[in-house]
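One structure below.
The values are calculated or read from the model by the stated rules, or taken from the named source; none is laboratory data. Quick caveat, the model's predicted, so the values are computed rather than measured. Positions of Cβ are backbone-derived with ideal geometry, glycine not excepted, and every protein chain shown enters the neighbour counts.
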Amino acid sequence: MPTRPSADSYRRLADERGTVSEPVRIPGVRGVAGRIDSPAADSVVVACPPHPQHGGSRSDPRLRTVSDALAPDVACLRFDYGPWDGGEGETVDAGSAVDWAADRYDGVGLFGYSFGGGVALRAAAHTDTELAACSVLAPAADALDAVECPLQVVVGDRDRTVDWEPVADRARTLGHTVETVSATHQFRRTRDRVGRLVGGFLAARL
């Protein structure tokens, strides 16, 4: 089994949150790069960022809030997509990140925000890895029916950016967990609550 990132192979840094974080390069045709927080943990969550053409990246504050909520017991792999590919290549990137994580950690979960929520759902539906759980925040697409792992959908009831209601309704019909937060699409004043909801759901299953 491949070894986890270590201080010998990467420059280990403590970022401004005090979380140990290491750069990683994920093998694949699209050259995906990322950072893994709390790398010494036994399990990991792969975090899919929002739309890259609208500034989405691994540094997105919602991804970092979830990472903070998971630390230090669960690692969080925050990655950047390769070249823009309309969602298809980005889903491949997420799958590559899941494969990389599965080779190194005992348990793997998925998280995605907005565009990244749709990416996470599609990746969860198509991966050969047995995922412990998947959580999506304000997902921009509905691929729920093929997701077999425990799933949480978190939405903002004042979100006017994505059409979240059909996704939430379908998730309830399928018996998945749905959480509604009083928030817009940015979740600016409710990020701590989002972190607790998402982090708690994922950590309990990893």
Would you please name the residue that is surrounded by the most Cβ atoms within 10 Å (Cβ to Cβ), looking only at residues in segment 161-171 that are β-branched (Val, Ile, Thr) and under 15 Å from Thr184 (Cα atoms)?
Val162
Note: among Val162, Val178, Val194, just one is under 15 Å from the mean Cα position of the chain (by Cα) and among the β-branched types (Val, Ile, Thr), namely Val194
Residue count, segment 39-64 (criterion: within 25 Å of Cys149 (Cα to Cα) and among the polar types (S, T, N, Q))
1
Residues to consider are Trp100, Trp164; find the one that is modelled with pLDDT under 95 and on the phi < 0 side of the Ramachandran plot.
Trp164
Residues satisfying the stated conditions in segment 29-52, i.e. modelled with pLDDT of 95 or more, surrounded by fewer than 23 Cβ atoms within 10 Å (Cβ to Cβ) and closer than 17 Å to Phe115 by Cα
His51
Can you tell me which residue among Arg191, Arg158 is under 23 Å from Pro61 (Cα atoms), touching a Pro at 6+ places or on another chain (Cβ under 7 Å) and surrounded by fewer than 22 Cβ atoms within 10 Å (Cβ to Cβ)?
Arg191
Looking only at segment 144-191, which residues are out of contact with any His (no Cβ under 8 Å at 6 or more places or on another chain), part of a strand (DSSP E or B) and of a type outside the set (Asp, Glu)?
Val154, Val155, Thr177, Val178, Thr180, Val181
Any pair with Cβ under 7 angstrom, 6 or more apart, that starts in segment 149-172 at a residue that is in contact (Cβ under 8 Å) with a residue 40 or more places away in the chain and under 14 Å from Gly118 (Cα atoms) and ends at one that is polar (S, T, N, Q) and surrounded by fewer than 18 Cβ atoms within 10 Å (Cβ to Cβ):
Gln152/Thr177
Report, by residue number, each residue of segment 94-139 that is small (Gly, Ala, Ser) and free of Cβ contacts under 8 Å to residues at least 40 places away in the same chain.
Gly95, Ala102, Gly118, Ala124, Ala125
Go through segment 134-146 and give me each residue that's surrounded by 24 or more Cβ atoms within 10 Å (Cβ to Cβ) and among the aliphatic types (A, V, I, L, M).
Val136, Leu137, Ala138
Looking only at residues in segment 80-127 that are crowded, with 22+ Cβ neighbours inside 10 Å and touching an Asp or Glu at 6+ places or on another chain (Cβ under 7 Å), which one is nearest to Ser43 (Cα to Cα)?
Tyr105
Among the numbered criteria (1) under 21 Å from Ser96 (Cα atoms); (2) part of a loop (DSSP other than H, G, I, E, B); (3) at pLDDT 95 or above, which one does Ala141 miss?
(3)
Gly55 is checked against (1) more than 18 Å from Cys134 (Cα to Cα); (2) in contact (Cβ under 8 Å) with a residue 12 or more places away in the chain; (3) of a type outside the set (Val, Ile, Thr) and fails just one. What number does that condition carry?
(2)
